[in-house]
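The values are calculated or read from the model by the stated rules, or taken from the named source; none is laboratory data. Quantities reported herein were computed from a predicted structural model and do not represent experimental measurements. Note that each Cβ is placed from the backbone with ideal geometry, even for glycine, and that neighbours are counted across all protein chains shown. Just so you know, the surface numbers come from the protein's heavy atoms only, side chains and all, with ligands and any DNA or RNA stripped out. Shrake-Rupley method; radii C 1.70, N 1.55, O 1.52, S 1.80 Å.
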Amino acid sequence: MKKLIAKKDFTIDGIPFVKGDEVEVKDISIVKKLNEKGFIEPLNFKELVIIERELKNPTKSYKKEEE
């Protein structure tokens with residue numbers, strides 16, 4: 001999965017992240033919210049779709065589709 005990097009300091013579910021940290025989440029709705037609010041480095045539609053697929057089916061690799 002593409003690394004989600006914090007663009008600014010924030011907290012999710014009591015876990016603080018500072019700018020530059022890798023953010024690990026398991027829910028696509030949280031990823032979308034962080035992306036919309038600018039808390040993580042911007043993701044385009046294709047990247048969001050690939051992340052959503054990977055979160056739903058972690059055993060399958062979607063890496064080829066990223067290229």
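Find the residue count for the range 6-53, including only residues that are part of a strand (DSSP E or B), open to solvent by 40 Å² or more (accessible area, probe 1.4 Å) and of a type outside the set (D, E, K, R).
3
For Phe45, state whether it is under 23 Å from Pro58 (Cβ atoms), of a type in the set (Phe, Trp, Tyr), at pLDDT 95 or above and in contact with a Phe, Trp or Tyr (Cβ under 9 Å, 6 or more places away or on another chain).
no
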